Number of protein chains: 2
Amino acid sequence: MEQKTTRDPAMTDVARLAGVSHQTVSRVLNDHPNVREQTRLRVRAAIKELGYRPNRAARALVTGKTQLIGVVAQNSTLYGPASLLSAFEEAAGEAGFAVSVGRVKVLDRESIAAAVERHRDQRVAGIVVIAPNSSAADALADVPAELPLVTVDGDPERSTPLVTVDQGVGAYDATTHLLQAGHSTVWHVSGPTDWFDAAGRVQGWRRALELHNAEVPPVVAADWTAAAGYKAGQMLARMPEVTAVFASNDHLALGVLRAMHERGRRVPHDVSVVGFDDVPEAEFFIPPLTTVRPDFAAVARETLGLLLEQVSEGESTRPRRTIAPVLVQRQSVGPPA
Amino acid sequence: MEQKTTRDPAMTDVARLAGVSHQTVSRVLNDHPNVREQTRLRVRAAIKELGYRPNRAARALVTGKTQLIGVVAQNSTLYGPASLLSAFEEAAGEAGFAVSVGRVKVLDRESIAAAVERHRDQRVAGIVVIAPNSSAADALADVPAELPLVTVDGDPERSTPLVTVDQGVGAYDATTHLLQAGHSTVWHVSGPTDWFDAAGRVQGWRRALELHNAEVPPVVAADWTAAAGYKAGQMLARMPEVTAVFASNDHLALGVLRAMHERGRRVPHDVSVVGFDDVPEAEFFIPPLTTVRPDFAAVARETLGLLLEQVSEGESTRPRRTIAPVLVQRQSVGPPA
DNA sequence: CTGACGGGTGTTATCGCTAACATCATCGGT
DNA sequence: ACCGATGATGTTAGCGATAACACCCGTCAG
């Protein structure tokens, strides 16, 4: 058995078997209209018989286009970005595009530029950058204008096509929900201030307070970790006037819950807490966490749509799309004591 | 300004500028030894001046090889798989390989086979399949032998190259830790039984009990969710003889913690709990969770190593690599009341 | 002094595909 | 019955790289 590596069948092999020219095979593959039905069937049969699979490299070489989308994302397992990425990969796969992910350790301009370059080397059809903070957004200036680009969770001020969760609305709803439960004001534990998501949530929170003529307490700044939430919570737990807290994500809320618990302040009896993200386990925090749920699948779909629009039409209207999240009520909110 | 789309510079453009043939440019690019230093510099300068970037499609066409690695993973945001994937993308990127991720909604044979086919269409150099349960592992039979393949978290019984966390050791350590704290036995809330990770943890747990002549209680079967852990916990909380629980992951443990809390059984005073995974927020559960931490980065590195070995050497010894996890002690374990 | 050798370089063929054009029936309208 | 339009197919020329081989030269052993 000296078979060894018989090369994969190529278009000409299919053509020979079907008794047509390779060009006709190409036409069948690309659903060109001017092919007789009978010929089409014969070619299809030959393709199947040989197990022929088109060589994408050859096609890309001649057309100058690939079916690859590059994604630049941070190397983190934060729930939001991870969900988004996963949803995007699925959506792109269904649309017949492969997704190449370039991970970046830190979201600085240099790293992102390098990741973008790697994708350009691969001649991707377009790029999606998950650029949730300002240093990441700055890096977008380096991306050449002719490369289709969509930013996710990026800078709302910048004029690149952008898809993002409507942070403002989510935060507004969360805060209003707490006010309507009877709290005179709501404290806010914020994510890192250079993240647009965090900034948007701060704005929504403030807008809600102002609209209801509630006092606006100082923002308690943190990062996204439960550790930071715990620290913030320790401080808030010591202040008896704090009866309602809106945390910028569920992990922060988790830390707050623990700090409250340790201090003997019961949730929701003494203090109400609302989070953001609706991580799968939020329902099993103590107590089950009321939170804001973004629709990551929708964000992914919109992102893909915007990107493919640019890919096919060349020019784009540089639009932005915003996906409204929804408040999920559980048991961490109650009236003030 | 009718510039429009001037095509990207090709090798011949570089050659012309440097005053050499395109072949010499190719040699410089591929670090071929027989190029005079002076020529090499001239070519490098021309490359830089034109901003030339090699066309991977053209190279792939003639060499028949790509620099792409396909990964098949489930479309989930489970912490373990997500961490692994992220770590792998980073490792591959550093090695100069692009990673194309094919997400699969469910881990059945058909879906996985389809994802593998999509990767084959792209002529990937090799494939990594995260195949944590038996139906996923079954799908591997369809992968042609000549395609480099590494399985992660897959079936230890199957003879494909495999990298996995040493579930047995982790579970053994966790269980032993509880026994040494003084508990007469340890109950186990298991992940889905068709997952190899879950099965391996059950085995390690049982082995520890048997080795210490402890009674082996029935396994409480669940899936990976906090909801299932909560349900299991409700049952266990009602049984006064239960003083120690090893949960198959941290989310299950979270559910158990909540159930215990609701029933008034204090952790670790009345009941001790250990998890698995060390999710970032585990430190902020109530109480901070003692758990087992796998080294996902190490798994990713080994996986990439094994795959590239196959890619370059053709044949492989079909090895398996196991990465030992480490017990992280926090505050959810104490002596029995 | 000469021929073999090997380093440095160029020339040509080729990978598998699509684009563009060429060819050849067939067909309806005058 | 002729003609241009149209449909179905074939032919040819690249896309941008690498592989294989040819070539020119200097060096060195015989």
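Of A:A227, B:P325, B:A58, which is farthest on the positive side of the dipole of the protein assembly as shown, counting Cα position, with +1 on Lys and Arg Cβ, -1 on Asp and Glu Cβ, and the Cα centre as origin? After comparing all options, I get B:A58. Helix B:167-180 and the long axis of chain B differ in direction by around 30°, with both axes built from C-alpha atoms. Result for chain A in a Gaussian network model with C-alpha springs under 10 Å: among A:H119, A:H261, A:H22, the largest mean-square fluctuation is at A:H22.
Filter the trypsin sites (Lys or Arg not before Pro) in the stretch B:178-263 to those in DSSP coil with at most 11 other Cβ atoms within 10 Å of their Cβ, and list the result. Walk me through the numbers before you get to the answer.
On the way: sites: B:R201, B:R206, B:R207, B:K231, B:R238, B:R258, B:R263; in loops: B:R238, B:R263.
Qualifying residues, ordered by number: B:R238.
Which percent, nearest 5, of DSSP beta bridges in chain B are antiparallel? Given both bridge residues lie in chain B, the antiparallel proportion sits at roughly 10 percent.
Here A:R263 yields copy-to-copy label distances, from shortest upward, of 3.1 nm, the label point defined as 7 Å from Cα along Cα to C-beta. Label point of B:D8 (7 Å along Cα→beta-carbon): distances to the other copies' equivalent points are 2.0 nm, sorted ascending.
Residues whose amide H comes within less than 5 Å of that of B:G126, counting only those at least five positions distant or on another chain, are B:G70 (H built at 1.01 Å from N in the peptide plane). Cβ crowding within 10 Å, taken as a proxy for footprinting-reagent exposure, orders A:M11, B:M235, A:M260 from fewest neighbours to most as B:M235, A:M11, A:M260. Among B:N133, B:N34, B:N249, which one shows the highest mean-square fluctuation when chain B is modelled as a Gaussian network with alpha-carbon springs under 10 Å? The residue with the greatest mean-square fluctuation here is B:N34. Computed 3J(HN,Hα) for the stretch A:153-162, one whole-Hz value per residue from the Karplus formula 6.51 cos²θ - 1.76 cosθ + 1.60 where θ = phi - 60°, is 6, x, 6, x, 7, 8, 9, 9, x, 9, glycine and proline marked x.
If only the Cβ of Lys and Arg carry +1 and only the Cβ of Asp and Glu carry -1, the dipole of the stretch A:25-65 around its Cα centre is close to 80 debye. Given that compact globular proteins tend to follow 2.2 N^0.38 Å, what is the ratio of the alpha-carbon Rg of the stretch A:187-310 to that value? Output field value: 1.14.
Here's how it looks for A:L327: its modeled amide H is under 5 Å from those of A:R293, which are all 5 or more places away or on a different chain.
Cβ-Cβ distance of B:Q203 and A:L29, R₀ of 45 Å, FRET efficiency by 1/(1 + (r/R0)^6): the value works out to about 0.35.
Using the alpha-carbon atoms, what tilt in degrees (0 to 90, nearest 10) does helix B:250-262 show relative to the longest principal axis of chain B? For B:250-262 against chain B, the angle is about 30 degrees.
Just checking the listed ones, A:T175, A:T77, A:T290: in the Gaussian network model of chain A with Cα springs under 10 Å, the one fluctuating most is A:T77. Simple spin-label estimate for B:L147 and A:A324 gives 4.5 nm between the two label positions (7 Å along the Cα-to-Cβ direction from each Cα).
Using the rule -39500 (n - 2.57) for each DSSP H run of four or more residues, divided by the residues of chain A, the 222 nm mean residue ellipticity is -13500 deg cm²/dmol. In order along the stretch A:99-113, phi translates into HN-Hα couplings of 10, 10, 9, x, 8, 10, 6, 10, 8, 9, 4, 5, 4, 5, 4 Hz, rounded to whole numbers, per the Karplus curve 6.51 cos²θ - 1.76 cosθ + 1.60 with θ = phi - 60° and x for Gly and Pro.
With an 8 Å cut-off on Cα pairs and a minimum separation of 6 or more residues, tell me the relative contact order of chain A in percent. Before the final figure, lay out each step's value.
Details: 652 pairs, mean separation 52.3, N = 337.
In percent, rounded to a whole number, it is 16.
What translational diffusion coefficient, to the nearest whole µm²/s, does the stretch B:1-122 have by Stokes-Einstein, given a Kirkwood radius computed over alpha-carbon pairs, a temperature of 4 °C and 1.567 mPa s viscosity? Calculated translational D: 73 µm²/s.
Charges at C-beta only: +1 for Lys and Arg, -1 for Asp and Glu. How large is the resulting dipole of the protein assembly as shown about its Cα centre, in Debye rounded to 20? The partial results should precede the final answer.
On the way: 70 positive and 78 negative charges, 319 e Å.
It comes to approximately 1540 debye.
For chain B, the longest principal axis of the alpha carbon atoms and the long axis of helix B:296-313 meet at an angle near 40°.
Remark: spin-label model distance B:R109-A:A10 equals 3.6 nm, labels positioned 7 Å along the Cα→Cβ axis.
The other copies place their A:K48 label points at 5.7 nm from this one, listed shortest first, where each point is 7 Å from Cα along Cα→Cβ.
Where in the stretch B:57-81 is the amide nitrogen less than 15 Å from a point lying 7 Å along the Cα-to-Cβ axis of A:V62? Once the point is set 7 Å along Cα→Cβ of A:V62, B:58, B:61-62 turn out to lie under 15 Å by backbone N, inside the stretch B:57-81.
Sorted fewest first by neighbouring Cβ atoms within 10 angstrom, B:L308, A:L306 come out as B:L308, A:L306. Kirkwood hydrodynamic radius of chain A from all distinct Cα pairs, in Å? Kirkwood hydrodynamic radius for chain A: 22.6 Å.
So which of A:K48/B:K65; B:K65/B:K105; A:K65/B:K65; A:K65/A:K105 end up more than 27 Å apart by C-alpha?
Too far apart for the 27 Å limit: B:K65/B:K105; A:K65/A:K105.
Remark: the stretch A:273-288, residue by residue, has Karplus-estimated 3J(HN,Hα) of 9, 10, x, 8, 2, 6, 5, x, 8, 4, 5, 10, 5, 10, x, x Hz, where x stands for each Gly or Pro and the curve is 6.51 cos²θ - 1.76 cosθ + 1.60 at θ = phi - 60°. Charge dipole of the stretch A:34-189 (Cα centre as origin; +1 on each Lys and Arg Cβ, -1 on each Asp and Glu Cβ, all else neutral): 1220 debye, rounded to the nearest 20.
Under the √(5λ) rule applied to the eigenvalues of the Cα gyration tensor, what semi-axes describe the equivalent ellipsoid of the stretch B:92-221? Give them in Å, descending.
Values: eigenvalues 263, 45, 25 Å².
Working from the Cα gyration tensor, I get semi-axes of 36, 15, 11 Å.
Backbone amide hydrogens, once placed in the peptide plane, bring A:V101 within less than 5 Å of A:V71, B:V99, B:V101, excluding anything fewer than 5 places away on its chain.
On average, how much area does the Cα convex hull of the stretch B:237-337 cover when viewed from any direction, in nm²?
On the way: hull surface 30.9 nm².
Answer in nm², one decimal: 7.7.
Rule-based calculations on the coordinates, nothing more; no lab input. Please read all numbers here as calculations on a predicted model, not as lab measurements. Glycine also receives a Cβ, built like all others from the backbone with ideal geometry; neighbour counts cover every protein chain displayed.
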